[in-house]
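Read the structure below first, then the notes.
The values are calculated or read from the model by the stated rules, or taken from the named source; none is laboratory data. Quick caveat, the model's predicted, so the values are computed rather than measured. Note that each Cβ is placed from the backbone with ideal geometry, even for glycine, and that neighbours are counted across all protein chains shown.
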Amino acid sequence: MFSKTLRKDTYGYLFIAPFFIIFLVFGLYPIMYSFYLSFTDWDGFTNPTIVGLENYLRLFGDFFFYKSLFNTLVIWIVSVIPQLTVSLVLAVILHEKFVKGKSIFRAVFFFPNIVTAASLGLLVALIFSWQTGSFNQFLMAIGMINDPIQWTDMPNFMRGLVSSILFWQYFGYSMIIYIAGLQGISRDLLEAAEIDGASKVRVFFSITLPLLKPIILFQVVTSIIGGMQIFDQPYALTDGSGQPDNSTLTSVMYLYETAFTRYQYGYGSAIAFGLFLVIVVFSIISFATMNARTKNEQK
Amino acid sequence: MISETKVEAIHDKRKSKRIKPSHIIIHILLILLAIVCIVPFYIMIVYGTHTNADIASKFIFFPGEALIDNYQNMTENINIWRGFLNSFIIAGCSTALTLYFGALNAYGFAKYKFRGNKVLFWFVLATMMVPQQLGLVGTFRIMYILNLLDTYAALILPAAANAFAVFFVKQFIDGTIPDEVIESARMDGASEFKTFNRIILPMLTPALAALGIFAFIGSWNNFISPLVLLFSNEKYPLPVLVQMLQGYYGSNYGVQYLGVALSVLPIIIVFTIFSKRIIGSVAIGAVKG
Amino acid sequence: MTKSNLLFVFLVWLMLIVVLVGCSSSSAEDKKELRIWTFTDEAKYAVEKFQEANPDIKVDVLFINNDNHVKKLMSVLQVEKNVPDVFFVEKAYWPQIREIPRLEDLSQSPYNAEEILDQQYQYIQDDEKDEEGIIRGLGYQGTPGAFYYRRDLAKEYLGTDDPEEVSKLISNWDKIMDIGERVVEESNGEVHALANWSDIGSVESSNIKEPWVVDKKLVIDPVRVEAAELAKEARERKVLANYESWGPAWTASMQQGTVMFYAMPTWALPHVFENNAPETAGKWGVTHGPKAFTGGGTFLAMYSGSENKEVAWEFMKFYTTDRDFLTELAKNEQYFLSNKEINIDLAPELTSDFLNGQKYFAFFNEAGEEAPSSPQSTYDNDINGLWDEKVNDFLNGRLETIEDMIASFKKDVGHHFPEIQVD
């Protein structure tokens, strides 16, 4: 029996082989190349010179790196909490039988995810621009303000705006993933619980939520990974500047700016690996807390 | 566990209960949210029918008359239909590769306990955490080494190694496909790959449908890789062409909006037509359940 | 392994190979070919005319907008693969790109570009040379600046719309500030003298004596600090409308007539004013402001590893010296040239209806002769960006004093460029 399973299990290598071969060439090589670059000083033209840990030491004391991490975290948290909760509620509602036009709602909520972040950023920038933005024009028309407000010069407002774009773009996406997860849960089970007198809220918290755990974990982890790499939205919104007061400068924007506008490839690579470490730490923490919680529940 | 009659009783109870006020409120909220989602699309399309002067000077809510002008202006320099074709080839092939190899790999990780399974899976997961923007220099180099610069293959092949797809499908397999299915296929004498292709793949449809949408849209909207890896005008996909519009028409927002709208419109149409099938296929289980 | 498994693996590999082979086959032709990369649609006109004159040459043009154009250019220059024979570079990026050791030396024979430079304005000649004085590119565009003004507003608030008279009234910044303050009051806040602080900044930054970095040391030219102080004063006295450059409010203001003066270079006439305010034709004029200045410009450079250098040089020569083509370009496209000999020949006859019949080539030729050279280091484009951010913070009050602003600026430069000595 043992030998049989072993024989079958080696098939696993065959299944994962095509992926890994492609991955080694197109995924790992670029990453390792960047890793090598992070120990060098290179402008792209002369040969890279090895500088040891110099880039990492610079990173350690770099005010902008910490600031960009802070910005990224703030933007991410403000967008991800409503994103993951609102979408879960919507998924559950759209899973209910009484709702009419389910598929239309699902499709429409997913729409914002289709548009490229670049055109979205441009649109929002136009709406919130200082003298001609329609938002200011609207506020003035209803008499709330007399002079246009320079929204683009307000750090917290701009961070909030980036978060809002992210939320708006991704809540439908999260919702669809939750819906896919809800399919796995037998409807009979939920209805039986309801018959036994449990309220919908109670069913949600004691049956649906625990059963959705793998999907929620998936969402949390991918949103950490994606969230720490926010780039397109703030880049398009601020035309790449990360202003005002560097408040919308995310870590990836900072790395992009360093590597591709200042052509400091070595330092840019070091920023990427610094950020990589941060993401790994956050992912492990979230994995650990989720697992700890299940263990407690099992007790 | 639950008897058939009991379930049917619930269904009957549902039917007899007519509209509740809370249901009306929920519907109203859903409709409001839907409007918020549609307005920017509407604005985008409407702005594409206006002249630049109109757009710069006031807020617009109704279609204008400049659609044909803007379109002619745009086609003078940009062959947008060729861009469609390119985008379609690239996104279509990429999606197919992502789905098949992603599922294959996820299945390998989920159902075979070979040595190094966990480590390799974590490794795949970890690669998602490296910011994509950085790989750019290395990607350019490897494409140059393999002589793939300026080919569709440079954009399509890497799609076969999509870590997100592996994670996504594995999570789905873990939740929904019991080992017994595979065991019984083995009992019937099916080979491992046959089992995957004939039995597992169809069972993965809901996950692959959702993943397919994400992969297709991701590839369709991808901008930076084609920009860096392609050099011929006739090979550029839509997002690069839209960016080129910005170069040709600098501050002519009307033409730019039209370009953006045109680049998004086909996805919207396809999505609207098939949304019932695509997202609905996810929901089939629900109806059956 | 069973047969079907083998077959499956085989098919997967077959597919990969087909895709790899099928897509990497490229065609090579033996015709005289010229590959050009550009970020500006102006190139279209020139390439068309060049092909008319040289039907035996096949020109392949790739057009990408500015930021992406530079990134793409850098990536191909780095691996030296797919590099175009000739590429256009915008002035902001030029100081950095002209130092890249992949650009052909145009000072040497057979090019002897010095002969072409002799026909150009001094400030362009200085831009075309790298740090060692070797010619690395040719500028085809003349970009001296002017104060564009609305004649109707000048008449209303200054009592005259004659360029000579207006020039006297705005010969220094103090006069402009006084006008601005008065105009805002008289128009109830509707009309401002200047659109934003970059009207002051772009004039002053043309007049610097030293680039940002000399011998790896940060140098803050006093002219730049003065410009920031002037901008602050202008903002406080409501001389500025604070329309963001290139934003919709800014372009709309040209049509609406809410700004009196715009400090802009030659090319703004067709590309900015006629484009954004077509209905105001005849209401505009150009005149001299407090100082001569320049803005923007485009340079043509050749890849040193090109296999088509002869043809590439033909094109570069064509765009900078071909009398027939350049005369046509100037007349048809209202294009002010880097070649001053041709500009001077055209000066008496070229007038602009948009500028109410003003002889604008004569005006710009005069401005080009006076235009100052502003030396640039490879760092200047990046550091300009940092400086502008700080000046904005200073104007908005986030940084309270000019000293705070400079300290914060130095800190940022030190962070981003550890190799530069900031104090």
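Some points to look at:
- The one condition in (1) surrounded by 22 or more Cβ atoms within 10 Å (Cβ to Cβ); (2) farther than 21 Å from residue C:306 by Cβ that residue C:52 fails to fulfil: (1)
- A search for C-beta distances below 8 Å between a residue of segment B:254-267 that is in the same structural domain as residue B:48 (by TED's automatic domain parsing) and over 18 Å from residue B:236 (Cα atoms) and any residue that is of a type outside the set (Gly, Ala, Ser) and surrounded by fewer than 22 Cβ atoms within 10 Å (Cβ to Cβ), counting only pairs 6+ apart in sequence or on different chains, returns nothing.
- Residues in segment B:60-97 that are loosely packed, with under 15 Cβ neighbours inside 10 Å and of a type in the set (Phe, Trp, Tyr): B:61, B:62, B:81.
- Matching residues in segment B:95-122 - criterion: being of a type in the set (A, V, I, L, M), in contact (Cβ under 8 Å) with a residue 60 or more places away in the chain and farther than 13 Å from residue B:197 by Cα: B:97, B:106, B:110
- Residue list for segment C:60-96, restricted to those being of a type in the set (A, V, I, L, M) and either outside any helix (DSSP H, G or I) or surrounded by 21 or more Cβ atoms within 10 Å (Cβ to Cβ) (or both): C:61, C:62, C:64, C:70, C:73, C:76, C:77, C:83, C:86, C:89, C:92
- Restricting segment B:107-120 to residues that are facing chain A (nearest Cβ under 9 Å) and part of a helix (DSSP H, G or I), the residue that is surrounded by the most Cβ atoms within 10 Å (Cβ to Cβ): B:108
Okay, residues lined up against (1) touching a His at 6+ places or on another chain (Cβ under 6 Å); (2) touching a residue at least 40 places away in the same chain (Cβ under 8 Å); (3) not hydroxyl-bearing (Ser, Thr, Tyr):
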{"position": "A:177", "(1), (2), (3)": "no, yes, yes"}
{"position": "A:190", "(1), (2), (3)": "no, no, yes"}
{"position": "A:218", "(1), (2), (3)": "no, yes, yes"}
{"position": "A:223", "(1), (2), (3)": "no, yes, no"}
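- If the condition is being assigned to a helix (DSSP H, G or I) and among the hydrophobic types (A, V, I, L, M, F, W, C), then segment C:203-230 contributes C:203, C:223, C:225, C:227, C:228, C:230.
- Some residue of segment A:10-29 being part of a loop (DSSP other than H, G, I, E, B), modelled with pLDDT of 90 or more, more than 8 Å from every other protein chain (Cβ to nearest Cβ) and more than 26 Å from the chain's Cα centre (by Cα): no
- With respect to the stated conditions, residue A:159 is basic (Lys, Arg) and either free of Cβ contacts under 8 Å to residues at least 40 places away in the same chain or more than 8 Å from every other protein chain (Cβ to nearest Cβ) (or both).
- Single residue of segment A:70-120 satisfying the filter (more than 20 Å from residue A:219 (Cα to Cα) and basic (Lys, Arg)) that is modelled with the lowest pLDDT: A:97
- Residue list for segment C:100-116, restricted to those being over 22 Å from residue C:79 (Cβ atoms) and surrounded by fewer than 19 Cβ atoms within 10 Å (Cβ to Cβ): C:107, C:108, C:109, C:110, C:112, C:114, C:115
- Failed item in (1) at pLDDT 85 or above; (2) out of contact with any Ser or Thr (no Cβ under 7 Å at 6 or more places or on another chain), with residue A:147 passing the rest: (1)
- Segment B:151-165 - residue that is facing chain C (nearest Cβ under 7 Å) and assigned to a loop (DSSP other than H, G, I, E, B) and, of those, farthest from residue B:106 (Cα to Cα): B:151
- Only one of the numbered conditions (1) closer than 23 Å to residue B:193 by Cα; (2) away from chain B (no Cβ under 12 Å); (3) among the small types (Gly, Ala, Ser) is not met by residue A:61, and that is (1).
- The set of residues in segment C:97-134 that are in a helix (DSSP H, G or I) and without any contact (Cβ under 8 Å) to a residue 40 or more places away in the chain comprises C:114, C:115, C:117, C:125.
- Subset tally (residues that are more than 30 Å from residue C:102 (Cα to Cα), part of a loop (DSSP other than H, G, I, E, B) and among the β-branched types (Val, Ile, Thr)) for segment A:43-74: 0
- From the options C:99, C:131, C:115, residue that is in the same structural domain as residue C:315 (by TED's automatic domain parsing), more than 27 Å from residue C:204 (Cβ to Cβ) and at pLDDT below 95: C:115
- Check on residue A:177, over 21 Å from residue B:211 (Cα atoms) and either modelled with pLDDT of 80 or more or at the interface with chain B (Cβ under 9 Å from one of its Cβ atoms) (or both): no
- Residue selected from segment A:91-103 under the condition part of a helix (DSSP H, G or I) and more than 8 Å from chain B (Cβ to nearest Cβ), by the criterion surrounded by the most Cβ atoms within 10 Å (Cβ to Cβ): A:91
- Boolean, residue C:41 is more than 9 Å from every other protein chain (Cβ to nearest Cβ), touching a strand residue (DSSP E or B) at 6+ places or on another chain (Cβ under 8 Å) and of a type outside the set (A, V, I, L, M, F, W, C): no
- Members of segment C:278-302 that are in a strand (DSSP E or B) and farther than 23 Å from residue C:49 by Cβ: C:284, C:285, C:286, C:287, C:294
- For segment A:120-149, filtered to residues that are of a type in the set (S, T, N, Q) and surrounded by fewer than 18 Cβ atoms within 10 Å (Cβ to Cβ), the residue that is nearest to the other protein chains (Cβ to nearest Cβ) is A:134.
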